[in-house]
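The values are calculated or read from the model by the stated rules, or taken from the named source; none is laboratory data. As the structure is a computational prediction, the values presented were derived from the model and not from experiment. When we count neighbours, we look across all protein chains shown, and the Cβ atoms used for this are built from the backbone with ideal geometry, even at glycine.
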């Protein structure tokens, strides 16, 4: 079966067998990175199995509740003045007043907005529009659209350089990285197969583009916008976290279930950390002493010491931890469990779950208010933003992102 039809065929069988206690197994190519990661990203319970010279993908229809890509709130960012932005239906971004927990306005953007990113000075909001192949740029002082910049097809998570007004947007279908500066494209760079979440070092010096289909990271010089090479890492690299000093990059490899440590002075792998199944999203504690990676397929978080690379904990969470982040003070980890519509609040000192709270369907990206008192979680399936009281360990509200009637 052609690669572009495999996911659709599996989703159809998944839907047909849901509720019957079935398992679905299909033979796939040796390195099914695109298929495996796309199904994981969508919240399907899926695993890979090797049998002699064959590879099989297995789905468990009753194992989780997948995202249905309805265009509801998925990506959330918080401005330091208390406003919270989330993508929502009808090609809009919702603006939520964090204190009153009310939607105050909607901003019309491009087609199928998927991911948001604030500039580091918070003067600009960038919206990746997967349906219109462009980036909407919003002035946060007025919440007005000031530019639309073309990108490659279906731009993924945009990444803003820590300094200045440069933003990077990868395109999976084109296998390119668009560089946008001052609101216009200045370069289109060829990268590897199935590029995912690009990252920029804290000093703007290096841009690392993980390519899940070619098992490498494209290295871009942030000063010249030139590709200088590629780093071979584990299988299926998807997301990257830089250390606070920029000397190390941690790359989560979804197919090899580990994290590659790259020295950014030499762009060489200097270590590997074993993780859980489907290792996908890494993060560091605010002080840089601990590293974390969310493991999609084993429903847990791996914790390691950054000085030694030693794994110190595996924290069980809910079904399919799509996104997580440490609170600004490092006290908590908040984890979105997309497969069961819940979030887990983890005590970052004891590595124990302090609370498990029900939220809207398909919880995904999250953000914290400036004081770290509340967190805001985008719930795609129900198009809601869940508001979490961290100290109280409770859900304060579930705000409909697409409606002004709150």
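Some notes on this structure:
- No other residue among 372, 291, 309, 360 is assigned to a loop (DSSP other than H, G, I, E, B) and either in contact with a helix residue (DSSP H, G or I) (Cβ under 9 Å, 6 or more places away or on another chain) or surrounded by 21 or more Cβ atoms within 10 Å (Cβ to Cβ) (or both) apart from 360.
- Selection from region 89-122 of residues that are under 17 Å from the mean Cα position of the chain (by Cα) and surrounded by 22 or more Cβ atoms within 10 Å (Cβ to Cβ): 113, 115, 116
- Boolean, residue 73 is in contact with a strand residue (DSSP E or B) (Cβ under 6 Å, 6 or more places away or on another chain), outside any strand (DSSP E or B) and under 24 Å from residue 167 (Cβ atoms): yes
- Residue count for region 377-406, restricted to those that are more than 17 Å from residue 92 (Cβ to Cβ) and either touching a residue at least 12 places away in the same chain (Cβ under 8 Å) or in contact with a helix residue (DSSP H, G or I) (Cβ under 7 Å, 6 or more places away or on another chain) (or both): 14
- For region 102-123, a tally of residues being assigned to a loop (DSSP other than H, G, I, E, B) and closer than 19 Å to residue 364 by Cβ returns 2.
- Residue within region 121-128 that is farther than 30 Å from residue 194 by Cα and either assigned by TED's automatic domain parsing to the domain that holds residue 181 or out of contact with any helix residue (DSSP H, G or I) (no Cβ under 6 Å at 6 or more places or on another chain) (or both) present: yes
- Whichever residue in region 252-270 is under 19 Å from residue 204 (Cβ atoms) and in contact (Cβ under 8 Å) with a residue 24 or more places away in the chain and, among such residues, is surrounded by the most Cβ atoms within 10 Å (Cβ to Cβ): 262
- Members of region 15-37 found to be touching a strand residue (DSSP E or B) at 6+ places or on another chain (Cβ under 8 Å), over 30 Å from residue 210 (Cα atoms) and surrounded by fewer than 15 Cβ atoms within 10 Å (Cβ to Cβ), listed by number: 23
- Yes/no for residue 213 being touching a helix residue (DSSP H, G or I) at 6+ places or on another chain (Cβ under 8 Å) and surrounded by 24 or more Cβ atoms within 10 Å (Cβ to Cβ): no
- When we screen 10, 40 for residues that are part of a helix (DSSP H, G or I), in contact with a strand residue (DSSP E or B) (Cβ under 9 Å, 6 or more places away or on another chain), crowded, with 20+ Cβ neighbours inside 10 Å and without any contact (Cβ under 8 Å) to a residue 60 or more places away in the chain, the only hit is 10.
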